[in-house]
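Enquirer: First, the structure itself, so that you have it in front of you.
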Amino acid sequence: MLLKNRFYLPPLREHCVERHQLITKLNSSSGGQLVLVSAPAGYGKTTTVSQWLHRHPHAFAWLTVDRMQSSPDILWEYIINALQTTQPTLGVNAISLLKSSAHSSFEPVIISLLNDLDDLCTNNATKDPITLILDDFHHVENTITLQLMNLFLDHLPPSIRIILTSRKQPSLAIARRRANNQVIELSESDLAFQLTEGRDFFNHTMGLSLNDDAINTLCQQNEGWAVGLQLAALSLQQSLSSLDNLLDRQAIDRHISDYLFDEVFSQQSKALQDFLIITSSIPRFCAGLCNALMQENDNLTLIKQLDKLNLFLVPLDNHRTWFRYHDLFRQFLLQHFNELDTQLKKQNYQISSAWLEDAGYLEEALDQFILLQDWINSTRLLKQVAPEKIEQSHNDSLLKWIAQIPNEYTSTISLPVSSTATTQTLSKTAQPLKSQTVKTTLTEPLTRRESQVMALVSQGLSNKHIATELNISLNTLKVHIRNLYGKMGVENRSQAMVKINKTPSKSK
C-alpha cells in the first residue's frame, strides 16, 4: 500500500518571500528537460518549487522520496502512481509488468512508461508537458534505481519535464546532460537570499523592522542560507535586544547548531565527521593540505565526495582545487574541533603551518603559528611578509598580527603606524588576507633582466631600491616583476621568495 501523503504538494506559507528570479528560471524549462535543484539542507529547495507550482498551475505530479523508496520496484511504483494522478491511463501496462516481474530486469517497465508518455505527444492528449517533481531525491542511492532513472532521462519525451530537489549531486550523468542542454540547474548560489529578498523576509514575512545595514549583515553572515535567516529572525521575534549579539556574532547560535547537527552532521559517517572537524581548523584547504592533516593520501576523493554531497562546501577557484566551508557550518565544526584533546589540536596547527609555509602561503602559515602560540616562528614569518605589506599599504593586516603576538617578540619590527591605540583599533577590524596559489616549476625561462630582478628580490630589497640599483623606473620594474611572477607561477613576493629558494633561475 502506498502512502498518499507522499503525493501532496506542500502548502504555500502565508507572506512567503517571492523568489521571482528562480521562478523565471523554472518557467524557462520545457518538456524533455531535467531541472536539478541541488543545495545543502535548509536552502529552500522544496519551498521554491512549491511556490512555482502555486504561482503557475499546470499538470504536475509530486512525490516526496524517502529512504524506503530507494529500491527500484518501490520507487517506480510510486512514480507511476504519481503520474496517474494527472493521466489515469499512464503506466497501466508498466505497473502490470512491475508486479509480474521476477525483478530480473526493470528495463521493460521503464520502456513501457516512456512509450505511454510518447503517446501523449502523438495523440495530443496534453498540450503542455506534465511536470514530475521528485523531492528529496538524495535519498535514492540504489545503483540499479539510478541506472533506471538515467535510462528514463536519456529518452525523456517532450510530454514531461522532471524536477529533482536534492541535497547532493545525483549520479545521473549531469555533465553530459549539461553539454546536451538537457538540464537546468538551481544551485546554492541561486537559492541564497540577497538584500531585497532578505528585506522582504525579515520585515514582511517575519514582521520585524530592521534597517538595510542590519539585514545586509545578517544575509552576509548566513551567506543567504534560508534556515539561518529564519532562526535569526525567530531569535529577534523573542527579543530585539539580541540584534547586536547576532550582528557581532562570536559564537554560532544554539538553534543553528542544533539544526546543523540533526540535519547534516549526524547523518555522515564517522570518517567523514572526523575529516570535517579536522579540516575546519583552517580557513581554506586543498587536497595536499588535507592529506598532510589526515595523514592519508586519498583526500582528493573525499573532497570530491563532500562537493557532490553539497556539505556546505564552497569552491574557491574554477579548477575546484581550493575550498572553504560555509561560514556558519565552519563555526559549527569549530565547536567540535575545540573540544578535541589539546595535543591533537596542537599537532593539527603544527602540520598545517609547516605545509602552508613550505608551499609559500606565508600569511596563512603565520595565522596557524599564532594559533599554535609559536611566537618565534610567528615573528620570523611576520618579518618576511612585513616589507611587502608596508609597500602595499596593508597596515591593517600587519597591525592585526602584531596585536596577537606578545610585545617582547615584535618590538624589533618597524611599522608605519606605531600608536598602540591605533594598533588595537585596527586589529579589531582587520580582515583575513587571501593568499594565492604557487606552482612548482617555471613556465618559461627568465630573461637576463628578470634574472637580475629575481636576484635582488631574493635579497629582500624594496621595489624602490631595486629600481635604483638597476637604474630603471618603478613602472618598468613593475612590468618586469609582473612577468617574473607569471613565469614563476606566483602572485606575490612572499610566494616568490619561497620559489626562489626552491628553483634556480634560468636566463636566455
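The values are calculated or read from the model by the stated rules, or taken from the named source; none is laboratory data. Not measured: the values here are computed from a predicted model. Counting neighbours? That spans all protein chains shown, and the Cβs are built from the backbone with ideal geometry, glycine included.
Enquirer: Give all pairs with beta carbons closer than 8 Å in which a residue from segment 216-232 that is assigned by TED's automatic domain parsing to the domain that holds THR205 and among the β-branched types (Val, Ile, Thr) meets a residue that is part of a helix (DSSP H, G or I) and surrounded by 22 or more Cβ atoms within 10 Å (Cβ to Cβ); count only pairs at least 6 apart in sequence or on separate chains.
Expert: Within 8 Å, the pairs are VAL227/ILE256.
Enquirer: Scan LEU362, LEU382 and give me the residue that is in contact with a Phe, Trp or Tyr (Cβ under 7 Å, 6 or more places away or on another chain) and either over 28 Å from ASP253 (Cβ atoms) or surrounded by fewer than 20 Cβ atoms within 10 Å (Cβ to Cβ) (or both).
Expert: After ruling out the rest, the residue left standing is LEU382.
Enquirer: OK, next. Consider segment 156-205. How many of its residues are in contact (Cβ under 8 Å) with a residue 40 or more places away in the chain and within 18 Å of SER29 (Cβ to Cβ)?
Expert: Number of matching residues: 23.
Enquirer: Which of the numbered conditions does SER281 fail, given that it passes all the others? Conditions: (1) over 24 Å from SER166 (Cβ atoms); (2) without any contact (Cβ under 8 Å) to a residue 60 or more places away in the chain.
Expert: (2)
Enquirer: Counting just the residues of segment 150-188 that are closer than 23 Å to LEU53 by Cβ and of a type in the set (Gly, Ala, Ser), which one comes out surrounded by the most Cβ atoms within 10 Å (Cβ to Cβ)?
Expert: Top of the filtered list is SER159.
Enquirer: Now a separate question. Residues of segment 288-304 being without any contact (Cβ under 8 Å) to a residue 24 or more places away in the chain and either among the basic types (Lys, Arg) or in a helix (DSSP H, G or I) (or both), which ones? So that I can check it myself, show each step before the final result.
Expert: Here is the first cut: in segment 288-304, the residues without any contact (Cβ under 8 Å) to a residue 24 or more places away in the chain are 290-291, 294-298, 300-301, 303-304.
Matches in segment 288-304: CYS290, ASN291, MET294, LEU300, THR301, ILE303, LYS304.
Enquirer: So, in segment 11-58, of the ones that are farther than 20 Å from HIS326 by Cβ and of a type in the set (Ser, Thr, Tyr), which residue ends up farthest from the chain's Cα centre (by Cα)?
Expert: If we take residues in segment 11-58 being farther than 20 Å from HIS326 by Cβ and of a type in the set (Ser, Thr, Tyr), then SER30 is farthest from the chain's Cα centre (by Cα).
Enquirer: Regarding LEU356, is this residue modelled with pLDDT of 90 or more, in contact with a strand residue (DSSP E or B) (Cβ under 7 Å, 6 or more places away or on another chain) and in the same structural domain as LEU382 (by TED's automatic domain parsing)?
Expert: Judged against the criteria, LEU356 is not a match.
Enquirer: Return the pair list, or none, for Cβ contacts closer than 9 Å from residues in segment 81-93 that are assigned to a loop (DSSP other than H, G, I, E, B) to residues that are at pLDDT below 90 and among the hydroxyl-bearing types (Ser, Thr, Tyr), at least 6 apart or on different chains.
Expert: Hits for this filter: THR86/THR126; GLN87/THR126.
Enquirer: Only one of ILE466, ILE481 is hydrophobic (A, V, I, L, M, F, W, C), closer than 18 Å to GLN392 by Cα and within 34 Å of the chain's Cα centre (by Cα). Can you tell me which?
Expert: One residue alone meets the criteria, ILE481.
Enquirer: Residue check: is LEU117 assigned by TED's automatic domain parsing to the domain that holds SER30 and at pLDDT 95 or above? Walk me through how you get there before you give the answer.
Expert: Working: assigned by TED's automatic domain parsing to the domain that holds SER30: yes; at pLDDT 95 or above: no.
When the stated conditions are applied, LEU117 does not pass them.
Enquirer: Moving to a separate point now. Out of the residues in segment 254-270 that are in a helix (DSSP H, G or I) and without any contact (Cβ under 8 Å) to a residue 24 or more places away in the chain, which is farthest from HIS326 (Cα to Cα)?
Expert: Among them, the one singled out is LYS270.
Enquirer: So VAL65 clears everything in (1) hydrophobic (A, V, I, L, M, F, W, C); (2) under 30 Å from GLU197 (Cα atoms); (3) exposed (fewer than 15 other Cβ atoms within 10 Å of the Cβ) except one condition, right? Which one?
Expert: Failed condition: (3).
Enquirer: Here is a follow-up. When you go through LEU75, LEU12 one by one, which is the residue that is farther than 18 Å from GLY224 by Cβ, surrounded by fewer than 18 Cβ atoms within 10 Å (Cβ to Cβ) and not aromatic (Phe, Trp, Tyr)? Spell out the reasoning first.
Expert: Details: LEU75 fails: surrounded by fewer than 18 Cβ atoms within 10 Å (Cβ to Cβ).
The match here is LEU12.
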